[in-house]
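Undergrad: Submitted below is the structure of interest, expressed as structure tokens.
The values are calculated or read from the model by the stated rules, or taken from the named source; none is laboratory data. A quick note: this is a predicted structure, and the numbers were derived from the prediction, not measured. Cβ placement follows ideal geometry from the backbone for every residue including glycine, while neighbour counts extend to all protein chains displayed. These area figures cover heavy atoms from the full protein model, side chains too; ligands, DNA and RNA do not enter into them. Shrake-Rupley method; radii C 1.70, N 1.55, O 1.52, S 1.80 Å.
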Amino acid sequence: VNLMNPQVREEIRGSGILREALVNAFGGVEPKGLMGKFAKLTTKLGFQQINKANLYLAASTFRVGAKDLMKVANSNSPRAAWAQKTLKKFGINYKGKLSDDLLAQKMYRFAVDSQLQKNVLRDPLIFNDPRWRVLFLFKRFGVRQATMMKDMLMEEFTNGNPMPILRLMAGGALGGEFVIWAKNKIKSTATGDEYYRKEDLLTVERFVNNIAAVGSFGVLSDIMGVDKLSQLGETGKFLATPVIVDDVIGKNGIFDIYTRTMKDYEKYGDGFLAIRRNADDYAGFFGSIPRYVAKSAATKQQKQNRSRTLRGRERTAILDLYLEKKGKEASRRLQLWNKYNKDMPLTIEDINIDELVKRIKAKELALIQARQ
């Protein structure tokens, strides 16, 4: 609410929270050349504006919070001792005066640190070593966020204040609901396919996915989002692999895409068709949304194959739920599929006693073969 006041925004700007961008520009750190200009252009309306908004919000939060803490610290409130400790942590003497200059300094420090802006003194040395920095591109934020969350939660909990943990749980769950809904809406609009949530509303699975969706715990959020133990290794590999290496030799990397394109060319003898069939993979180098948009350009055969694959996976998942005696959840998943896929519904011919028996036999056969 305070950010709606132009005078408050001017005061926040005066604290220097946008200084880093100016220093980079004057110091020649800004990316140059064709790709540098491309990166700057493509992040101008999205990432850069969100980053700026987060800095403003963090500075405003500290501006309000510090003034409130000064009042509590100098009162007879049961929380006075806690408020005094918190102010001391930020280098503010509760017995002194919270001057405009001091507040501006602390607003800047809090905004930059809480939003994990670049700070050489807070990063492992190897993260900023020119010889190794490229290997840790885009890895720094997740590591620092996990570290910050751990330190903050442990410090507050030690001081007898469990509220940050409860706020994180509530805020993460609610934020995740919106994030996942928005991502599904974007994917549905871009691809023409239906994307929707399959977890029941009040379940641990949905809660964990919500927390993971907003990335509250940094690199740990990716691990929390793993549904099966078999996916843990792949997630760990992704976290540990440098971005530049993954883009070249990883799944959907340059070599992988090139190989699939050449196979399609050899199969169909049409270079344009081969590129079209892999257009979403090429578009993926420019971000998730371009990848989803490119999926809509897939051939009719690809769209049919994708639909059949998705239908088969959902049918198998529903059969497994019935076998696990989770009839209510299975019925809900069946209704959801038929609601969003009216052109290819699952019917009694797909899910019945005979199909359940076939699924049991298939699983038993797979187990026998694995033991052999």
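Undergrad: Report the label-to-label distance for I186 and L121 in nanometres (one decimal), using points 7 Å from each Cα along the Cα→Cβ vector.
TA: It works out to 3.5 nm between the two label points.
Undergrad: Per residue, how large is the accessible surface of the chain? Use a 1.4 angstrom probe and give square angstrom.
TA: With the other protein chains kept in place, the chain gives 67 Å² per residue.
Undergrad: In addition: Please give the contour-minus-distance gain from R131 to Q48: 0.36 nm per residue of separation, less the Cα-Cα distance, rounded to one decimal in nm.
TA: Gain on stretching R131 to Q48: 27.2 nm.
Undergrad: Taking the C-alpha atoms of the stretch 292-358, how large are the radius of gyration and the largest Cα-Cα span, Dmax, in Å?
TA: Considering the stretch 292-358 through its Cα atoms, Rg and Dmax are 13.7, 41 Å.
Undergrad: Same structure, new question: For the chain, with the dipole built from +1 on Lys and Arg beta-carbon atoms and -1 on Asp and Glu ones, taken about the Cα centre, which of T86, L103, A279 lies farthest toward the positive end?
TA: Projecting each Cα onto the dipole axis, the largest value belongs to L103.
Undergrad: With springs connecting C-alpha atoms under 10 Å apart, model the chain as a Gaussian network and identify which of L116, L174, L201 has the largest mean-square fluctuation.
TA: Of L116, L174, L201, the Gaussian network model singles out L201 as fluctuating most.
Undergrad: I would also like to ask the following. How would you rank 288-294, 193-199, highest first, on the average number of other Cβ atoms within 10 Å across their residues?
TA: Put in order of decreasing packing, that is 288-294, 193-199.
Undergrad: Next up: So what's the stretch 123-215 giving for Cα Rg divided by 2.2 N^0.38 Å, two decimals?
TA: 1.44
Undergrad: So which residue, out of F138, F90, F38, gets the largest mean-square fluctuation from a GNM of the chain using Cα contacts under 10 Å as springs?
TA: F38
Undergrad: Calculate, axis by axis, the spread of Cα positions in the chain along the three principal axes, and write the results as whole Å, longest axis first.
TA: 78, 53, 44
Undergrad: Right, here's the next one. Where nothing but the Cβ of Lys and Arg (+1) and of Asp and Glu (-1) is charged, how large is the charge dipole of the chain around its Cα centre, in debye to the nearest 20?
TA: Once rounded to the nearest 20, the dipole reads 360 debye.
Undergrad: Which peptide among 128-134, 203-209, 324-330 comes first, and what is the full order, when sorted by highest mean count of other Cβ atoms within 10 Å?
TA: Packing proxy ranking, top to bottom: 203-209, 324-330, 128-134.
Undergrad: How many angstrom lie between the Cα centre of the stretch 307-372 and the Cα centre of the stretch 110-143?
TA: 46 Å
Undergrad: While we're here: Under a cut-off of 17 Å between alpha-carbon atoms, report the aspartates and glutamates in cross-link reach of K71, not counting same-chain residues fewer than 8 places apart.
TA: K71 reaches D100.
Undergrad: Separate question: Considering Cα pairs under 8 angstrom that are at least six residues apart, work out the relative contact order of the chain and quote it in whole percent.
TA: Value for the chain: 10 percent.
Undergrad: Calculated FRET efficiency, E266 and S296, Cβ-Cβ r, R0 30 Å, to nearest 0.05?
TA: E between E266 and S296, to the nearest 0.05, is 0.70.
Undergrad: Determine which aspartates and glutamates satisfy two conditions relative to K95: a Cα distance under 15 Å, and not lying fewer than 8 residues away in the same chain.
TA: K95 reaches D68.
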